[in-house]
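*Asks:* What follows is a single structure, and I will ask about it in a moment.
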Amino acid sequence: MRAFQEMIEMLTRPGVIAVLRLGSREQVLPVTEALLEGGVRAIEVTLTTPDAIAAIEDLNNRLGERALIGAGTVLTPTQCRTALACGAQFIVSPICRPEFSLITHAANAIMIMGAYTPTEAQIAYESEADYVKLFPAEKLGVDYIRALRGPLPHLKFIPTGGVDLDNIASFFEAGCPAVGIGSALVPRKLVEAGDWAALTQRAAEFVRAAQNSRRPAGD
């Protein structure tokens, strides 16, 4: 079992969380392998993917030493417990359900709880969520994050939805420890074509952009 701080490091360095919302369980393993080759270490398998729980278990058995595997689109305590029992090391929910933190931390896993408003974000923090998923990020934007972190500097936002190569740096510059990226990182056309080399290259571009945005000026 990984130490909690090691999992935090894998989640936030380089800080690119791949959000896999795929059409079949069979696609999850090759997509993950391609992303790992490109330097992405945190893999979120959404529960909207067919047989997602089995896919999470597969990934942990095959790639668990190299990747941090999590479950996304978790909506109920039962889903949360089931994902953790099958090896998920972080839980992502698009909604604010304080009980998720207790369940997740009891399993030594990371909790990323969803929020949209300042009140929801503060509730997530007070329920001891490790991070706050801000969704959908494309509707709120980086200026919204900066505005919230003025009076609420303790909040650790992970924006998801609408993050791409053009704006990823701005989110890190606004103080976000990580970002969640779905179709911009894992385009459907590459998955359907099985073009794993192109997917690896795309992953490397996102990782490079994340790393560059965190380098001190002049490096």
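Readers should treat all values here as calculations from the given coordinates under stated rules, not as data from a laboratory. Just so it is clear, the structure is predicted and the values come from calculations on it, not from any experiment. Note that we place each Cβ from the backbone using ideal geometry, even for glycine, and neighbour counts take in every protein chain shown.
*Asks:* I need a count of the residues in the range 104-131 that are assigned to a helix (DSSP H, G or I) and over 15 Å from Pro177 (Cβ atoms).
*Replies:* Going through the range 104-131 one residue at a time, the tally reaches 9.
*Asks:* Further, regarding this structure: Does Ser170 satisfy the criteria of being of a type outside the set (A, V, I, L, M, F, W, C) and either more than 27 Å from Gly39 (Cβ to Cβ) or in a loop (DSSP other than H, G, I, E, B) (or both)?
*Replies:* For Ser170, the condition - of a type outside the set (A, V, I, L, M, F, W, C) and either more than 27 Å from Gly39 (Cβ to Cβ) or in a loop (DSSP other than H, G, I, E, B) (or both) - is not met.
*Asks:* Does the range 173-194 hold any residues that are of a type outside the set (Gly, Ala, Ser) and either surrounded by 15 or more Cβ atoms within 10 Å (Cβ to Cβ) or farther than 16 Å from Val31 by Cβ (or both), and which are they?
*Replies:* If the condition is that a residue be of a type outside the set (Gly, Ala, Ser) and either surrounded by 15 or more Cβ atoms within 10 Å (Cβ to Cβ) or farther than 16 Å from Val31 by Cβ (or both), then Glu173, Cys176, Pro177, Val179, Ile181, Leu185, Val186, Pro187, Leu190, Val191 are the ones that fit.
*Asks:* A follow-up question, please. Report the residue count in the range 26-36 for those that are closer than 11 Å to Ala67 by Cβ and out of contact with any Lys or Arg (no Cβ under 9 Å at 6 or more places or on another chain).
*Replies:* Residues that pass the stated criteria total 0.
*Asks:* Mind checking which pairs have a first residue in the range 170-182 that is free of Cβ contacts under 8 Å to residues at least 60 places away in the same chain and a second that is among the basic types (Lys, Arg) and part of a helix (DSSP H, G or I), Cβ under 7 Å, 6 or more apart or different chains?
*Replies:* Listed by first residue and then by second, the contacts come to Ala174/Arg146; Gly175/Arg149.
*Asks:* Turning to a different aspect of this structure: Which of the residues spanning the range 60-79 are buried (at least 21 other Cβ atoms within 10 Å of the Cβ) and β-branched (Val, Ile, Thr)?
*Replies:* Of everything in the range 60-79, those that are buried (at least 21 other Cβ atoms within 10 Å of the Cβ) and β-branched (Val, Ile, Thr) turn out to be Ile69, Val74.
*Asks:* I want to confirm something. Restricting to the range 132-162 and keeping residues that are among the aliphatic types (A, V, I, L, M) and part of a helix (DSSP H, G or I), which single residue is nearest to the chain's Cα centre (by Cα)?
*Replies:* By that ranking, first place goes to Ala137.
*Asks:* Tally time: how many residues in the range 11-40 are without any contact (Cβ under 8 Å) to a residue 60 or more places away in the chain and surrounded by 22 or more Cβ atoms within 10 Å (Cβ to Cβ)?
*Replies:* 2
*Asks:* Pick from Ala106, Ala197: which is touching a residue at least 60 places away in the same chain (Cβ under 8 Å), surrounded by fewer than 16 Cβ atoms within 10 Å (Cβ to Cβ) and more than 20 Å from Val19 (Cβ to Cβ)?
*Replies:* Answer to the check: Ala197.
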